[in-house]
Amino acid sequence: MDFQVEWFDKIASTNAAMRDAFRRGEKIESGRIIAAREQTDGRGRQDRKWLSAPDTNLCFSLFVQTGAELASVPSLTLAAALATTEMLNAQGIAAAPKWPNDVLVDGKKICGILSERVEPEGIIVGIGLNVNMSSEEAEAIGRPATSMLIETGTASDLSKTLDALLDLLDYWIGEWEQGGFAALREPWVLRAGPIGKPLTVRDGDIKKSGTLAGFGDHGELLLKTKNGIETIWSGDVS
Ligand code: BTN
């Protein structure tokens, strides 16, 4: 994939900026990236806020042109989570992906991903990676969070971190483009498994408990419950 990166000092949300560029009718090709040193209105899943202090973390959105059906959007998020996990592992951080859109270190969130479908025929993959967040900032989030700085004791350059991540996004998105989730299933289960682990999934008021039975053809979670195998497309897993 040919990446074209555009950095902004301050932007409301890189995902929103990419969507706006489409609305204005700009010609946007696969590999186009909007990255921000500060987001004033970053968004996460379920319309949660994504907080990031200025000049501290990596916040960017990547456009991937694809004719893939809507059901393929979640598995592109999984490809991005695998890329982020491998980049962090290469730096000695024991990160692991967590279905459907996180990367965690020892139960603490280091990266969140928000993928959104845009017309014509493409997906915006928004990635928030905690790079130089301090422990105080992490504590202020109110949910378990960590950063590369907290894990390694060393600050990292944001654009170098992005470059390292792009090499792996190129690889994993390439796998996804060629084979869909089928191409990711084995590496995904290896890092996000094991099959049989106990899980509780919450989606709004609905709570389901069981064990991990595997992942379906689009990366949907298969939960083994006393009623049989249930297919879960979204939710918070613990
Ligand atoms: C989540 O964990 O709920 C997903 C968080 C996604 C945050 C990133 S930061 C870059 C991009 N722009 C946004 O407004 N959100 C995503």
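Checking each residue in segment 51-94 for being open to solvent by 10 Å² or more (accessible area, probe 1.4 Å), more than 14 Å from the ligand (Cβ to nearest atom) and of a type in the set (A, V, I, L, M) picks out ALA68, LEU70, ALA71, ALA90, ALA94. Identification of strands (runs of 3 or more DSSP E) wholly contained in segment 100-187 with 2 or more residues that are open to solvent by 10 Å² or more (accessible area, probe 1.4 Å) and not polar (S, T, N, Q) yields 102-105, 108-118. Residues in segment 1-47 that are among the β-branched types (Val, Ile, Thr), within 11 Å of the ligand (Cβ to nearest atom) and crowded, with 16+ Cβ neighbours inside 10 Å: ILE11, THR14, ILE33, ILE34. Residues in segment 127-135 include none that are among the small types (Gly, Ala, Ser) and closer than 25 Å to GLY179 by Cα.
So, of the residues in segment 188-212 that are over 14 Å from LYS98 (Cα atoms) and within 20 Å of the chain's Cα centre (by Cα), which turns out to be most open to solvent (accessible area, probe 1.4 Å)? If we take residues in segment 188-212 being over 14 Å from LYS98 (Cα atoms) and within 20 Å of the chain's Cα centre (by Cα), then ARG202 is most open to solvent (accessible area, probe 1.4 Å). Evaluating LYS108 against the criteria (1) over 13 Å from the mean Cα position of the chain (by Cα); (2) modelled with pLDDT of 95 or more; (3) away from the ligand (no atom under 15 Å from the Cβ) leaves one unmet condition, (3). Scanning segment 1-22 for residues that are farther than 12 Å from ILE33 by Cβ and of a type in the set (Val, Ile, Thr) yields one hit, ILE11.
Scanning segment 95-105 for residues that are near the ligand (Cβ under 10 Å from one of its atoms) and either among the aliphatic types (A, V, I, L, M) or touching a His at 6+ places or on another chain (Cβ under 8 Å) (or both) returns a single hit, VAL103.
The values are calculated or read from the model by the stated rules, or taken from the named source; none is laboratory data. Computed from a prediction, not measured in an experiment: that's the story for all the values here. Neighbour counts run over all protein chains shown; Cβ positions are idealised from the backbone, glycine included. For accessibility, only protein heavy atoms count, side chains too; no ligands or nucleic acids. Shrake-Rupley method; radii C 1.70, N 1.55, O 1.52, S 1.80 Å.
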